[in-house]
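The values are calculated or read from the model by the stated rules, or taken from the named source; none is laboratory data. Keep in mind it's a predicted model, so treat the numbers as computed, not measured. So basically every Cβ, Gly included, is an ideal-geometry build from the backbone, and we count neighbours across all protein chains shown.
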Amino acid sequence: MSKAKVAFFDFTCCEGCQIEVTNVGPEVMLGLLDQVEIVEFREAATEKTTEPIDIALIEGSFSRESDRAKLEAIRKRANVVIAYGACAATGGVNALKNHQSDYKNYVYGKDAELPHLDSQKIQPISGAIKVDYAVHGCPIDKNELVYILSSLLHGKDPVIPNHPVCVECKMRETVCQYELGGHCLGLVARAGCGAPCPADGIPCEACRGFVDEPNQKAMVQVLAEQGKLPKERAETLSRMFTATQREDA
Amino acid sequence: MIQNADIQVNHLTRVEGHGNIVVNIGNGKVEKCEWQVPEAPRFFEAMIRGRHYSEVARITSRICGICAIGHTLASVKTTENALGMEISEQTFKLRQVLKHAENFDSHVLHALFLVSPDLVDATSVFKMIPTHGEVVKAALRLKRFSHEWGSLIGGRTTHPTKAIPGGFASLPTNQELKTLRDRFVKEALPDLDAILGVFVSLAPKIPAFTRETEYMGLHSDVEYGLYDGCVQTVMPDGTKEQWKVEDYLKCTNEYVVPQSTAKYAKNKLSSYMAGALARFNNNFDQLRPEAKLAAKALGMEPLVFNPYLNTAAQVVEVVHSTHATIALIDELLDAGIKDEEPVKPTKYGQGFGSTEVPRGILFHSYEYDKNYMCVGGNCIIPTNQNHGNIQDDFEKLVPELMQQKSKEKEMELALEMLVRAYDPCISCSTHYLDVKFVK
């Protein structure tokens with residue numbers, strides 16, 4: 001049987017998710033390479049290809065109209081497209097400027113109108129092309145990516161969690177951030193990470209995005225009443241990773 | 001001798017982020033020779049406005065997936081400086097351990113995954129598996145090891161969670177630190193010795209090229225400048241000058257060029273270099289003895305003026321970070337880990353912070369209001385500081401290559417290898433602004 005052809009692509013992002021892939025160790029990496037052939041991976045390999053590919057892994061947000069044609073070209077020759085990482089899956093932290101209108105002037109000053117500094121409202125990759133699967137998280141969980149690839153290679157549909165992080169805190173018996181006098185977005189955040197942050201005493205920032213159909217009004221109410229956040233902060237808190245999914249998007 | 005060439009490398013491979021190389025030569029004359037940066041801009045300085053001090057490092061960490069620990073540390077240091085938070089000795093040492101983990105991790109990735117294929121005529125580390133399988137396995141083991149080392153202290157290595165303003169959200173146990181120390185001895189050191197041997201044998205394949213420039217890095221009295229210190233540069237004649245971190249704009253002097261979404265920087269000369277070689281040239285005396293031996297084996301003593309040897313300086317730093325961390329763990333275990341709460345803000349205003357990331361010196365500055373909400377900020381990233389130096393290298397190197405090489409492809413490879421040697425982190429580098437602090 002011939003190996004599945006896999007290619008990695010990156011758009012507007014920090015490229016940290018592909019770094020996570022390099023942390024899997026020799027057993028998993030070499031095992032994976034027994035099953036797949038990496039035909040393009042700009043950060044790791046010189047080769048580039050225009051051939052059809054079985055699985056395209058796309059990292060980064062859709063932030064420039066000029067990237068649309070590149071994304072469409074990938075879609076055209078890929079059998080399966082996986083958006084991996086928060087930037088590709090939900091727009092990620094890049095979308096934290098979506099509600100601002102002065103960001104270009106603020107960052108580039110008198111040079112703001114130079115054409116190469118263009119940046120539009122941030123969208124996930126699905127804003128330009130059809131995406132088949134998403135690996136959520138900022139960064140991704142490397143084991144989840146391996147699980148999804150492995151499922152696809154075995155002809156199985158991977159399960160992408162759609163329950164809130166609160167469930168995973170209960171499963172690992174983490175004391176709730178609200179009980180400790182803090183605040184947290186775990187109640188509306190998509191789980192699958194294993195809830196490491198609240199266990200380390202850090203509020204969940206919903207880096208995997210919202211669960212489907214989150215009750216955003218209730219979220220703001222809980223942040224204000226239980227989390228004791230000022231009204232404005234309660235309303236804006238979830239922008240860090242869910243700006244494209246909020247009601248005001 | 002090359003009389004005519006038309007080199008256009010779009011989106012150079014095996015570097016972090018997007019960069020182009022353009023060289024046109026006609027009738028023996030260089031018509032164009034440019035290092036271009038087309039990376040999509042991301043506007044981080046605008047995004048931190050209106051965020052609470054506890055959230056700012058979580059945002060700015062996302063500037064870079066490889067230097068995420070460094071960005072987090074520079075960020076929490078800047079916030080602590082602005083809000084009057086004095087960290088404990090234990091926090092200082094744990095952050096040094098975390099910083100070393102990043103340096104080790106990133107250098108292993110760069111030297112072994114991105115650069116070494118060039119030295120064995122392969123196009124990627126994947127293609128080295130049949131010919132250098134044991135090296136690849138050792139590299140993957142070391143990469144995973146440093147990931148676990150950083151994760152123990154920081155929660156993760158890509159966008160660490162536990163390092164927060166004032167200290168740590170949660171601390172490693174004495175037993176976990178002891179286990180890590182044992183793993184250094186049993187797992188990391190043997191692999192590192194093997195890798196060092198391989199790298200020493202490949203070093204003669206690193207191109208010979210010399211251009212004297214200014215080298216900038218952190219300098220500290222208590223460590224080989226990585227986590228903390230003042231700004232220092234060393235000139236080609238060996239003279240050194242220092243600046244306070246809060247005066248960083250005086251020595252970085254950023255400016256805009258038309259071929260780049262990233263700003264360029266300069267200080268006393270037309271450009272300067274940041275990164276492992278700059279640190280090596282500034283702070284060689286403070287390297288661990290084991291690292292000095294590695295430098296000797298690689299034929300390096302300061303000052304080194306060959307930018308291709310930045311990768312070799314990284315290998316020296318990998319050895320340094322290994323032994324420096326073992327010593328830090330011993331000190332931490334001698335004192336015993338104390339359960340410390342992160343310290344709280346005592347004032348508000350403007351703050352400055354700097355740390356060395358793998359590719360060079362990094363500056364953050366923020367301003368906070370009385371509710372500890374961020375009003376604005378600025379980040380100057382090492383790769384920005386290197387763009388001008390890369391361009392100046394190109395201008396000296398291209399005419400030399402025209403004499404030495406006979407094929408355009410050879411020249412192209414030599415230029416690609418030069419950019420790669422800087423270990424550019426271009427996705428970081430497209431964040432800058434003219435600072436306009438509200439007074």
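Table for the structure above
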| item | result |
| --- | --- |
| Output for segment A:3-33, where each listed residue is touching a residue at least 24 places away in the same chain (Cβ under 8 Å) and either farther than 26 Å from A:Ala95 by Cα or of a type in the set (Val, Ile, Thr) (or both) | A:Lys3, A:Ala4, A:Lys5, A:Val6, A:Thr12, A:Ile19, A:Val21, A:Asn23, A:Val24, A:Val28, A:Leu32 |
| Residue count, segment B:225-268 (criterion: in contact with a Pro (Cβ under 9 Å, 6 or more places away or on another chain) and under 30 Å from B:Val319 (Cβ atoms)) | 2 |
| Subset tally (residues that are assigned to a loop (DSSP other than H, G, I, E, B) and within 10 Å of another protein chain (Cβ to nearest Cβ)) for segment A:184-203 | 4 |
| Residue count, segment B:148-168 (criterion: under 13 Å from B:Phe104 (Cα atoms), at the interface with another protein chain (Cβ under 9 Å from one of its Cβ atoms) and crowded, with 24+ Cβ neighbours inside 10 Å) | 1 |
| Residue within segment A:92-104 that is within 7 Å of chain B (Cβ to nearest Cβ), of a type in the set (S, T, N, Q) and not in a loop (DSSP other than H, G, I, E, B) present | yes |
| Residue satisfying all of: in segment B:107-131; facing chain A (nearest Cβ under 8 Å), in a helix (DSSP H, G or I) and over 18 Å from B:Leu418 (Cα atoms); nearest to the chain's Cα centre (by Cα) among these | B:Phe126 |
| Single condition B:Val23 does not satisfy, out of (1) out of contact with any strand residue (DSSP E or B) (no Cβ under 6 Å at 6 or more places or on another chain); (2) modelled with pLDDT of 85 or more | (1) |
| Selection within segment A:133-167 - assigned to a loop (DSSP other than H, G, I, E, B), of a type in the set (A, V, I, L, M, F, W, C) and either within 15 Å of the chain's Cα centre (by Cα) or crowded, with 22+ Cβ neighbours inside 10 Å (or both) | A:Cys138, A:Ile160 |
| Cross-chain or 6+ apart pairs with Cβ under 9 Å, segment B:323-342 first and over 27 Å from B:Leu287 (Cβ atoms), then modelled with pLDDT of 95 or more and among the small types (Gly, Ala, Ser) | B:Lys338/B:Ser88; B:Glu340/B:Ser88; B:Glu340/B:Gly167; B:Glu341/B:Gly166; B:Glu341/B:Gly167; B:Pro342/B:Gly166; B:Pro342/B:Gly167; B:Pro342/B:Ala169 |
| Residues of segment A:3-50 that turn out to be at pLDDT below 90, more than 11 Å from every other protein chain (Cβ to nearest Cβ) and in contact with a strand residue (DSSP E or B) (Cβ under 8 Å, 6 or more places away or on another chain), as a count | 1 |
| Strands (runs of 3 or more DSSP E) contained in segment B:322-439 and holding at least 3 residues modelled with pLDDT of 95 or more and touching a helix residue (DSSP H, G or I) at 6+ places or on another chain (Cβ under 8 Å) | B:350-357, B:360-368 |
| From B:Leu277, B:Leu293, residue being out of contact with any Gly (no Cβ under 9 Å at 6 or more places or on another chain), of a type in the set (A, V, I, L, M, F, W, C) and in contact (Cβ under 8 Å) with a residue 40 or more places away in the chain | B:Leu277 |
